[in-house]
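Q: Could you have a look at this structure, given as structure tokens, before my questions?
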């Protein structure tokens, strides 16, 4: 659901940047206000996993593929503010380095995944999780919430396209929501698997509402071993799995072709690793593997630096 340059008009792009800027500023202030850097490594691991996971497209039928969105999973683990920051960082790396999503449409993509996706997924999870009696009982609420999140994000994307007069809402909304309803099943399965794993090994990382158990304190920080294992898992996906991802067009690209507005796409920025390939590298699977590996590592480092800067004591920030 990465809208490319050219699909949205100027007013929609500018409006999206205003709304996204306000939302991201609020999220960053919430992160700064927390005043602790104990969860910074968790932000890094989640961003690396999200980046790598989004490069693994899977077929959903009809000549269309989908991939993990990860908004709800990030929100359940990091909270909405942390998830918004992670999604923004992943989207920024994707559009600048890989031409996956546009520069002019970056804010719209963040609105869809980082605000609408994160917000609806988090609220839905908090609602359904009220009936869970244990950490393992949170698996189904997480799955349902992630499916709802995918639908809401796709609807937001359709509204932006219609607002830009790219295509009528009545034409784009049904196929896009249906496609992401199917993709959402895969999203739900991945989210459920991750929450099931965490429920066994680190239940403290899962945000839970009353009456299950309110997380009154920040989760225990990840130690060096946890961080290395998490980063290694993400790099493993990027280096070993992504080269074998489905090459079928994603839902938005396929629907744009079917509705005859794919020609509006125009690259605004000559991305150095466009299409997730490292130039001058052969064979193709190695070019993809190295490019995605670089992106995964860069996203990890970038979010760590940003999060540590946000978590600096206010006195130190003013001194600078």
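Q: Cβ neighbours within 10 Å, averaged per peptide: list 254-266, 44-56, 288-300 in order, most packed at the top.
A: Packing proxy ranking, top to bottom: 44-56, 288-300, 254-266.
Q: How big is the gap, in Å, between the Cα center of segment 49-94 and the Cα center of segment 235-269?
A: Cα centroid of segment 49-94 versus Cα centroid of segment 235-269: 14 Å apart.
Q: Taking Cα pairs under 8 Å and at least six residues apart, what relative contact order does the chain come out at, in percent?
A: Contact order relative to length: 31 percent.
Q: By how many degrees, between 0 and 90 and to the nearest 10, does the Cα long axis of helix 10-34 differ from the longest principal axis of the chain?
A: Result, in degrees: 10.
Q: Considering the Cα trace of segment 139-189, what is its radius of gyration and what is Dmax, both in angstroms?
A: According to the Cα coordinates of segment 139-189, Rg and Dmax are 12.0, 40 Å.
Q: If I take every Cα pair under 8 Å that is 6 or more residues apart in segment 1-99, average their sequence separation and divide by the length, what percent do I get for the relative contact order?
A: After rounding, I find 28 percent.
Q: For segment 1-135, what is the convex hull (Cα atoms) projected area averaged across all directions, in square nanometres?
A: Spelled out: convex hull of the Cα atoms, projected over all directions, averaged, 9.9 nm².
Q: Determine one quarter of the surface area of the Cα convex hull of segment 101-211, which equals its mean projected area, and express it in nm² to one decimal.
A: 7.5
Q: Taking the Cα-to-Cβ direction at residue 225 and at residue 263 and moving 7 Å from each Cα, how far apart do the two end points lie in nm?
A: 6.0
Q: Cut-off 11 Å, label point 7 angstrom out along Cα-to-Cβ of residue 189: give me the residues of segment 60-96 whose amide nitrogen falls inside.
A: 60
Q: Can you report the principal axis dimensions of the chain using only the alpha carbons, biggest first, rounded to whole angstrom?
A: That works out to 52, 44, 41 Å along the principal axes.
Q: List the relative contact order of segment 99-250 as a percent without decimals, with contacts defined as Cα pairs under 8 Å and 6+ residues apart.
A: Working: 133 pairs, mean separation 35.5, N = 152.
Normalised by residue count, the contact order of segment 99-250 is 23 percent.
Throughout, read-outs are computed from the coordinates displayed, never taken from laboratory work. Quick caveat, the model's predicted, so the values are computed rather than measured. All Cβ positions, glycine included, derive from the backbone under ideal geometry; neighbour counts span all protein chains shown.
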